[in-house]
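Enquirer: Quick one: the structure is below, and I'll ask about it shortly.
The values are calculated or read from the model by the stated rules, or taken from the named source; none is laboratory data. The shown structure was predicted, so the numbers you read here are calculated from the model rather than taken from an experiment. Here the Cβ positions follow ideal geometry from the backbone for every residue, glycine too, while neighbour counts run over all protein chains shown. To get the accessible areas, we keep the full protein, side chains included, count just its heavy atoms, and leave off ligands, DNA and RNA. Shrake-Rupley method; radii C 1.70, N 1.55, O 1.52, S 1.80 Å.
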Amino acid sequence: MTTPHRPTATGSRARVLGRVRAALADVPPAERPDEVLVARDYLDVHDTGGPGELTDLLHENLTEYRAHVHRTTRARLPETIAELLAVRGSGSVVTPPGLPPEWLSGTGIVRVPDDPTGTPLTAARLDAADSTLTGCAVAIAETGTLVLDAGTGQGRRALTLVPDHHVCVVRAPEQVVASLPLALPRLDPSRPLTWISGPSATSDIELERVEGVHGPRTLEVVLVTGS
Amino acid sequence: MSAPSETFLGFPAFPEAAHDAVRDRELRRTMRHATHTIRDKRARAVAELADWDELRTAGAQLKERTLRHLPHYLEQLEEAVTRAGGTVHWAADAAEANRIVAELVRETGEQEVVKVKSMATQEIGLNEALAAEDITAYETDLAELIVQLGRDRPSHILVPAIHRDRRQIQEIFRERMADWGRTAPENLTDDPVQLAEAARLHLREKFLNARVAVSGANFMIAETGTMVVVESEGNGRMCLTLPDTLITVAGIEKVVPTWRDLEVFLQTLPRSSTAERMNPYTSTWTGTTDGDGPRAFHLVLLDNGRTDTLADQVGRQALRCIRCSACLNVCPVYERTGGHAYGSVYPGPIGAVLTPQLHGIQSEVGASLPYASSLCGACYDVCPVAIDIPEVLVHLRERIAEQGGKGHRLEKAAVNAAGWVLNHPRALEVGERLASLTRRLQPKRLPGPGAAQWTRSRDLPELPARSFRAWWKENR
Ligand code: SF4
């Protein structure tokens with residue numbers, strides 16, 4: 001949907017850009033943007049551990065920001081997921097398109113599949129579901145961050161936002177990178193991205209941190225290692 | 001010149017407002033507790049990174065590159081956003097931005113919008129402008145909600161209700177929530193967990209039914225047309241994801257060149273702002289995506305005095321600001337006066353340099369703000385994009401002195417105010433400690449022939465090796 005350009009709007013574009021140019025009269029006309037020095041002397045990685053240590057660091061940082069972290073193996077993944085849904089007492093779980101079916105093979109919980117091309121789940125339907133289960137695109141160890149890119153097994157952004165309980169599966173070490181500079185090249189900015197570092201939180205009342213405001217108040221991360 | 005925003009009308013200038021605020025003991029206790037808590041945490045978060053200085057330098061340089069070639073990056077951004085299905089609008093001033101947003105909302109047929117905390121929309125007084133068009137804007141950030149329900153004004157960039165304690169918040173929720181939607185739960189106590197829960201319940205129905213959202217942007221990537229919003233509570237995600245139409249209002253200085261540049265700013269912003277390695281939620285989006293999120297995306301690019309700021313070669317650096325609020329939290333003057341004394345949505349050290357530049361130094365507020373500082377330099381030390389705020393303050397004082405007349409008269413009163421604030425008995429130790437800690441950084445703060453001339457003609461000494469207070473005692 002596009003809005004036709006209003007005549008005033010076109011005028012303002014020229015006006016603002018004209019003012020910007022006039023304000024920069026001191027910049028030599030021949031100067032190119034890349035001639036203005038940007039020294040990228042900062043580090044690519046702060047913690048130089050091996051892949052195993054990266055997973056531990058991710059674990060530690062996620063925990064510090066009050067995510068619940070579970071370690072498991074590929075073979076035991078269905079069991080782990082079934083267990084934590086049972087402990088939570090969840091009656092239903094939202095599933096994105098492309099979620100590996102075996103992940104839920106250990107539980108009889110009600111599935112609430114999202115079908116974005118057919119009838120996507122409404123916000124109210126999502127609000128009524130207890131949990132949501134997804135994978136992720138990449139995880140960043142140094143900051144304890146999960147990045148979701150709305151790809152296969154993750155689904156559109158609303159799925160991991162409205163239900164109060166988010167279970168996110170991370171395959172280690174393949175999906176774990178050390179740092180932000182290493183994460184960015186693996187992500188496609190044309191996709192909608194959600195970067196998650198712990199459950200939602202606020203410090204708006206006397207700067208005292210309270211976990212859980214509008215997003216899922218409980219974030220559980222399942223780190224899958226080995227075979 | 002762009003039209004000044006109406007937001008500023010009726011505010012007392014800094015000297016008067018500062019006097020009142022410093023006398024308010026409860027406010028001072030709240031402010032002291034809050035600013036000290038966050039400043040210590042920030043120092044620890046920053047100390048974790050061995051390459052902090054390099055990140056800070058790169059951040060400053062990236063912003064410098066962008067500002068020097070702003071037309072190039074703005075045009076690139078516009079093209080990329082348009083290609084991705086968004087529509088770009090240009091607003092020369094606050095009134096035009098408000099008109100554009102109101103018209104876009106009217107076109108949807110809706111009369112309510114949900115809002116993500118945004119400095120730009122506060123600056124232009126968007127909520128008031130929409131109200132005049134019978135459109136209700138609901139603030140969804142917890143602190144903004146407290147401010148809105150309390151019919152109050154924000155006093156901090158990051159924590160706009162920093163001046164309210166839990167008891168006051170409890171009262172506001174009990175008394176006012178019903179006027180705006182779902183009533184506060186019975187037996188609501190002043191426990192922050194319960195207060196946050198009350199906000200969750202109150203706003204839930206608004207999110208689930210909202211059709212139009214208004215947001216700001218922390219960064220806009222020229223190369224890809226990507227918008228970035230950094231937040232904690234999830235209210236941002238709600239607004240950016242659930243409605244059909246999303247309208248983002250952002251200052252033209254929020255553009256950065258490339259996707260890669262986020263590797264700098266997403267490391268420095270959270271640590272400077274909330275003292276976290278990473279904030280709980282960051283959303284990035286590019287135009288519209290089929291089947292995910294809003295179907296219509298509008299970007300309103302705002303000037304509103306930014307080009308006047310850009311034209312000043314010393315003052316220009318204020319446009320690097322990424323609104324982290326670290327400079328507020330370390331400022332001895334801000335700590336004692338609170339944010340309201342600055343009479344602007346941009347309080348603290350950054351407000352003292354930004355407000356006069358955005359809105360002119362002709363008004364009383366504009367002419368007094370550059371004196372709302374002891375030039376101790378703590379703000380420069382913590383700034384993640386290395387804005388030399390003391391340098392800009394001194395430069396603006398020169399400009400005010402040159403203009404004579406009203407500004408000239410105001411100057412003395414304003415100097416007295418900053419001095420009085422710091423001279424207040426309990427204010428002493430911190431101010432002195434800060435001053436001596438940062439002394440080595442001082443000399444370059446009074447650079448150039450302009451400053452020398454100013455100090456001669458204004459009868460002020462070189463910036464002190466001794467504290468502002470000592471200087472003040474001798475000179476008042
Ligand atoms: S001036 Fe610097 S320290 Fe202050 S809010 Fe802006 S970026 Fe942060």
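Enquirer: Checking B:Asp93 against (1) open to solvent by less than 20 Å² (accessible area, probe 1.4 Å); (2) in contact (Cβ under 8 Å) with a residue 24 or more places away in the chain; (3) among the acidic types (Asp, Glu); (4) touching a Ser or Thr at 6+ places or on another chain (Cβ under 8 Å), only one condition comes out false. Which one?
Expert: Answer for B:Asp93: the failing condition is (1).
Enquirer: Please note which strands (runs of 3 or more DSSP E) are completely contained in segment B:244-348 and include at least 1 residues that are aromatic (Phe, Trp, Tyr).
Expert: Once the strands (runs of 3 or more DSSP E) in segment B:244-348 are filtered for at least 1 residues that are aromatic (Phe, Trp, Tyr), what remains is B:281-286, B:296-302.
For every residue, the table says whether it meets (1) at the interface with chain A (Cβ under 9 Å from one of its Cβ atoms); (2) surrounded by fewer than 24 Cβ atoms within 10 Å (Cβ to Cβ); (3) part of a strand (DSSP E or B).
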residue	(1), (2), (3)
B:Gly59	no, no, no
B:Val88	yes, yes, yes
B:Ala97	no, no, no
B:Ala102	no, yes, no
B:Thr121	no, no, no
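Enquirer: Please return the ranges of strands (runs of 3 or more DSSP E) entirely within segment A:165-227 where 1 or more residues are of a type in the set (A, V, I, L, M, F, W, C) and facing chain B (nearest Cβ under 8 Å).
Expert: A:193-196
Enquirer: Read through the list (1) at pLDDT 95 or above; (2) of a type in the set (Asp, Glu); (3) outside any loop (DSSP other than H, G, I, E, B), then give the number of the only condition that B:Glu197 fails.
Expert: The one condition B:Glu197 does not meet is (1).
Enquirer: If you take the residues of segment A:86-114 that are farther than 18 Å from A:Asp127 by Cβ and not in a loop (DSSP other than H, G, I, E, B), which of them is nearest to the chain's Cα centre (by Cα)?
Expert: A:Trp103
Enquirer: Need the failing condition index for B:Ile157 against (1) within 16 Å of the ligand (Cβ to nearest atom); (2) part of a helix (DSSP H, G or I); (3) of a type outside the set (Phe, Trp, Tyr), just the number.
Expert: Unmet for B:Ile157, out of (1) within 16 Å of the ligand (Cβ to nearest atom); (2) part of a helix (DSSP H, G or I); (3) of a type outside the set (Phe, Trp, Tyr): (2).
Enquirer: Next question. Taking segment B:123-154, which residues are away from chain A (no Cβ under 12 Å) and touching a residue at least 40 places away in the same chain (Cβ under 8 Å)?
Expert: B:Glu123, B:Ile124, B:Gly125, B:Leu126, B:Glu128, B:Ala137, B:Tyr138, B:Arg153
Enquirer: Which pairs have Cβ atoms under 7 Å, sit 6 or more apart or on different chains, and link a residue in segment B:307-336 that is free of Cβ contacts under 8 Å to residues at least 40 places away in the same chain to one that is assigned to a helix (DSSP H, G or I) and away from the ligand (no atom under 13 Å from the Cβ)?
Expert: Once the first residue is free of Cβ contacts under 8 Å to residues at least 40 places away in the same chain and sits in segment B:307-336, its partners that are assigned to a helix (DSSP H, G or I) and away from the ligand (no atom under 13 Å from the Cβ) give B:Ala311/A:Ala23.
One line per residue, one yes/no per condition, for (1) within 16 Å of the ligand (Cβ to nearest atom); (2) open to solvent by less than 10 Å² (accessible area, probe 1.4 Å); (3) at the interface with chain A (Cβ under 10 Å from one of its Cβ atoms):
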{"residue": "B:His298", "(1), (2), (3)": "no, yes, yes"}
{"residue": "B:Thr307", "(1), (2), (3)": "no, yes, yes"}
{"residue": "B:Ala311", "(1), (2), (3)": "no, no, yes"}
{"residue": "B:Arg323", "(1), (2), (3)": "yes, no, no"}
{"residue": "B:Val333", "(1), (2), (3)": "yes, yes, no"}
{"residue": "B:Thr337", "(1), (2), (3)": "no, yes, no"}
{"residue": "B:Val345", "(1), (2), (3)": "yes, no, no"}
{"residue": "B:Ser363", "(1), (2), (3)": "no, no, no"}
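Enquirer: Of the residues B:Arg174, B:Arg167, which single one is within 14 Å of chain A (Cβ to nearest Cβ), in a helix (DSSP H, G or I) and open to solvent by 20 Å² or more (accessible area, probe 1.4 Å)?
Expert: B:Arg167
Every residue, every condition in (1) polar (S, T, N, Q); (2) within 12 Å of chain A (Cβ to nearest Cβ); (3) closer than 21 Å to B:Gln122 by Cα; (4) open to solvent by 30 Å² or more (accessible area, probe 1.4 Å), yes or no:
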position: B:His156; (1), (2), (3), (4): no, yes, yes, no
position: B:Val159; (1), (2), (3), (4): no, yes, yes, no
position: B:Ile162; (1), (2), (3), (4): no, yes, yes, no
position: B:Ala184; (1), (2), (3), (4): no, no, no, no
position: B:Ala198; (1), (2), (3), (4): no, yes, no, no
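Enquirer: For B:Ala34, work out the one condition from (1) modelled with pLDDT under 95; (2) part of a strand (DSSP E or B) it doesn't fulfil.
Expert: (2) is the only condition that B:Ala34 fails.
Enquirer: Could you tell me whether any residue of segment B:210-226 is of a type in the set (Val, Ile, Thr), more than 7 Å from chain A (Cβ to nearest Cβ) and open to solvent by less than 10 Å² (accessible area, probe 1.4 Å)?
Expert: yes
Enquirer: With respect to B:Pro370, determine if the residue is crowded, with 24+ Cβ neighbours inside 10 Å, within 13 Å of the ligand (Cβ to nearest atom) and not aliphatic (A, V, I, L, M).
Expert: Working: crowded, with 24+ Cβ neighbours inside 10 Å: yes; within 13 Å of the ligand (Cβ to nearest atom): no; not aliphatic (A, V, I, L, M): yes.
No; evaluated as a whole, the condition is false for this residue.
Enquirer: While we're looking at this one, here's another question. Tally the residues that are within 15 Å of B:Val214 (Cβ to Cβ) and not in a loop (DSSP other than H, G, I, E, B), restricting the search to segment B:123-144.
Expert: Let us first name the residues in segment B:123-144 that are within 15 Å of B:Val214 (Cβ to Cβ), namely B:123-131, B:133, B:135-141, B:144.
Within this subset, residues satisfying the condition of being not in a loop (DSSP other than H, G, I, E, B) are B:123, B:126-131, B:136-139, B:144.
Final tally of qualifying residues: 12.
Enquirer: Taking the condition modelled with pLDDT of 95 or more and either of a type outside the set (Gly, Ala, Ser) or not assigned by TED's automatic domain parsing to the domain that holds B:Thr30 (or both), does B:Arg211 pass?
Expert: Yes; evaluated as a whole, the condition is true for this residue.
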